[in-house]
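To start, the structure under review is shown below, and the notes come after it.
The values are calculated or read from the model by the stated rules, or taken from the named source; none is laboratory data. What you see is a predicted model, and the numbers here were worked out from it, not measured in a lab. No Cβ is skipped: glycine too gets one built from the backbone with ideal geometry, and neighbour counts run over all protein chains shown.
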Amino acid sequence: MSDIILSMRNVTKKYYGIKAIDSISLDIVRGEIHGIVGENGAGKSTLIKTVSGAISLTDGEIYFENELLKPESPVDAIKKGISVVYQEFNLLPNMAVYENVFFGMEIKKNGFLDRPAMREKSKLILEELGFDIDVNSKVKNLSPAYWQATEIAKSINHEVKLIIMDEPSAPLTEKEVDQLFNVVRKLNDNGITVIYISHKLNEIMELTDRISILRDGNLIKTVETKNTTEQELIKNMVGREINEIYPDKEYSDQEVILRCEGLTSDKVHNVSFEVRKGEIVGFGGLVGAGRTETMRLLFGADNKTSGKIFVENQEVNIKCPVEAIKNGIGLIPEDRKNQGLILNKSIYLNSLLPSLYDYTKYMFIDFKKSREDIKEYTDILKLKALNLEQICLNLSGGNQQKVVITKWLLKNCKILILDEPTRGIDVGTKQEIYQLIKDLALEGKAIIIISSEMPELIGLSHRILVMHEGNLTGELKGEQITQEAIMTLAAL
């Protein structure tokens, strides 16, 4: 039998009597790259947290290197040889890279911190991983790729034997993803076992040796990567066939509802475009092209230095998000946790906030009507939660995104901007969101989409506007829309 480094036996975790994971038994072989996939809410995060010591088990046992594992905290798990690189990095932003790498295990000389030694070792670890990073730089000044490199270097410095990576490619560019793959393979070559969790099935297929599939808190099966396909994984993840992920496009020739003329700021340069009712317009470009910055100007989140915005042929003066909302514009931001939700508040409160005055009469909120309407939308979106009072922090990424969508459906915006609408979301939920986007367009809503996923952008958009370094470089429609054409315009 192969050498088992991690063994889970009937692992169960309950919250308020509901099983988040149910009697999962799974073996991880030493030296493999093991993929874990599943829809949002399938139990992936809960499973990780039981191994890392972030939460305790309700039932079952976990063995690490043939010894019973009962970590009392993530720090304890690291001491035992297990670390997790989460999608939300666990770093100290105001400290230097080398200080983060050595946090908790500082090198001392004659009773004082040996900073030169820590700098040198940090530099060597990062260089071995293929990163040229100034280890004196504060983490907050670095890119997400370098944050991730710092996290991995910290794990190597702790001499861990198992690294669990949770959606590691979510914040990265395509080039950075290639670099990440090289890092994972180097870790593996150096004898470190890797558990790789991702919604991006092409990554799972390319990188892993075996794949475990979770659904509704249960382990469905574990398969050899070479013996399966993406379609087979999807079928097991969602419990049904998904033959066509993108809905059919039905082009709109309705009147123009939104027109922007010469939008300009320090990061956006003279951008002009229009969107019709019932139209889905995609914004393409590389990271840093100015797409998000343009939408923040439109929504009033950032101040423009010049330019005009027209809604239904009327010029509107939008200086803040409240004014954008009053003019029928909603924004689902790319960073849903920090910009789209108040995480320590309930589904109900988060959903109600933009529409609070719509449900207020004589200073009293119509709680009954607002709850009924919110429940209607959460049911349409198939949001998985105990009730509307559940705190958003405790929801999966996909369900958090559904709460953000709910609040704008409730507000009944005429123009809806979606910035990276399916980042970190499983394929089944993606299909639901894609169908919702199409349905909103059919109702006459104007939809603007920013996406780093090229198939998503191409599959949904009637037209695509491409940006580069804050400039609009071209427009594509119909048969003009190809990946090659987008990339050509993105590089101009």
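Determine whether the stretch 134-151 contains at least one residue that is outside the structural domain of D335 (by TED's automatic domain parsing) and under 25 Å from M8 (Cβ atoms).
Checked the stretch 134-151: at least one residue is outside the structural domain of D335 (by TED's automatic domain parsing) and under 25 Å from M8 (Cβ atoms).
Give the residue, chosen from T264, T360, T294, that is polar (S, T, N, Q) and under 24 Å from the mean Cα position of the chain (by Cα).
One residue alone meets the criteria, T294.
Can you tell me which residue is farthest from I425 (Cα to Cα) among those in the stretch 169-209 that are of a type in the set (S, T, N, Q) and not in a helix (DSSP H, G or I)?
Filtering first and then ranking leaves N190.
Suppose we keep only residues that are in a loop (DSSP other than H, G, I, E, B) and in contact with a strand residue (DSSP E or B) (Cβ under 7 Å, 6 or more places away or on another chain) within the stretch 145-165. Which one would you say is nearest to I33 (Cα to Cα)?
Out of the qualifying residues, it is K161.
Could you check how many residues of the stretch 108-126 are loosely packed, with under 15 Cβ neighbours inside 10 Å and either in a loop (DSSP other than H, G, I, E, B) or touching a His at 6+ places or on another chain (Cβ under 8 Å) (or both)?
2
Give me a count of the residues in the stretch 1-20 that are under 15 Å from I164 (Cβ atoms) and in contact with a Lys or Arg (Cβ under 8 Å, 6 or more places away or on another chain).
Final tally of qualifying residues: 1.
Out of (1) out of contact with any strand residue (DSSP E or B) (no Cβ under 7 Å at 6 or more places or on another chain); (2) surrounded by 16 or more Cβ atoms within 10 Å (Cβ to Cβ); (3) farther than 24 Å from K438 by Cβ, what's the single condition that is false for G278?
The number of the failed condition is (3).
Of the numbered conditions (1) more than 27 Å from I325 (Cβ to Cβ); (2) at pLDDT below 90, G424 fails exactly one; give the number of that condition.
Every condition holds for G424 apart from (1).
If we scan the stretch 224-243, do we find a residue that is in contact (Cβ under 8 Å) with a residue 60 or more places away in the chain, part of a helix (DSSP H, G or I) and of a type in the set (S, T, Y)?
Among the residues of the stretch 224-243, at least one is in contact (Cβ under 8 Å) with a residue 60 or more places away in the chain, part of a helix (DSSP H, G or I) and of a type in the set (S, T, Y), which makes the answer yes.
Okay, residues lined up against (1) surrounded by 16 or more Cβ atoms within 10 Å (Cβ to Cβ); (2) of a type in the set (D, E, K, R); (3) closer than 22 Å to L214 by Cα:
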{"residue": "H34", "(1), (2), (3)": "yes, no, yes"}
{"residue": "T46", "(1), (2), (3)": "yes, no, yes"}
{"residue": "P71", "(1), (2), (3)": "yes, no, no"}
{"residue": "K80", "(1), (2), (3)": "yes, yes, no"}
{"residue": "M105", "(1), (2), (3)": "no, no, no"}
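Restricting to the stretch 250-288, what's the tally of residues that are under 15 Å from L298 (Cβ atoms) and free of Cβ contacts under 8 Å to residues at least 24 places away in the same chain?
So the answer is 1.
Of all residues in the stretch 130-144 being surrounded by fewer than 19 Cβ atoms within 10 Å (Cβ to Cβ) and assigned to a helix (DSSP H, G or I), which is nearest to the chain's Cα centre (by Cα)?
P144
Which of (1) closer than 23 Å to P354 by Cβ; (2) of a type in the set (S, T, Y); (3) out of contact with any Phe, Trp or Tyr (no Cβ under 9 Å at 6 or more places or on another chain) is the odd one out, the single condition S452 does not satisfy?
Answer for S452: the failing condition is (1).
Kindly indicate which of E167, E159 is surrounded by fewer than 20 Cβ atoms within 10 Å (Cβ to Cβ) and on the phi > 0 side of the Ramachandran plot.
E159
Name the one entry in T264, T294, T305 that is within 25 Å of V404 (Cα to Cα), among the polar types (S, T, N, Q) and in contact with a strand residue (DSSP E or B) (Cβ under 7 Å, 6 or more places away or on another chain).
T294
Can you work out which of the residues in the stretch 200-216 that are in contact (Cβ under 8 Å) with a residue 60 or more places away in the chain and over 27 Å from G81 (Cβ atoms) is surrounded by the fewest Cβ atoms within 10 Å (Cβ to Cβ)?
Once the filter is applied, the top-ranked residue is D216.
Listed residues N338, N313, N344; which is closer than 28 Å to I391 by Cβ, out of contact with any helix residue (DSSP H, G or I) (no Cβ under 9 Å at 6 or more places or on another chain) and surrounded by fewer than 21 Cβ atoms within 10 Å (Cβ to Cβ)?
Just one listed residue meets the conditions, N338.
Of (1) surrounded by 14 or more Cβ atoms within 10 Å (Cβ to Cβ); (2) more than 23 Å from the chain's Cα centre (by Cα); (3) in contact (Cβ under 8 Å) with a residue 12 or more places away in the chain, I449 satisfies all except one. Which?
Of the numbered conditions (1) surrounded by 14 or more Cβ atoms within 10 Å (Cβ to Cβ); (2) more than 23 Å from the chain's Cα centre (by Cα); (3) in contact (Cβ under 8 Å) with a residue 12 or more places away in the chain, the odd one out for I449 is (2).
Only one residue in Q435, Q431, Q401 is in contact (Cβ under 8 Å) with a residue 60 or more places away in the chain and buried (at least 23 other Cβ atoms within 10 Å of the Cβ), so which one is that?
Q401
Output the residues belonging to the stretch 384-407 that are farther than 21 Å from E88 by Cβ and at pLDDT below 90.
L386
Counting residues that are over 23 Å from R423 (Cα atoms), which strands (runs of 3 or more DSSP E) fully inside the stretch 1-43 reach at least 2?
Result: 4-15, 18-29.
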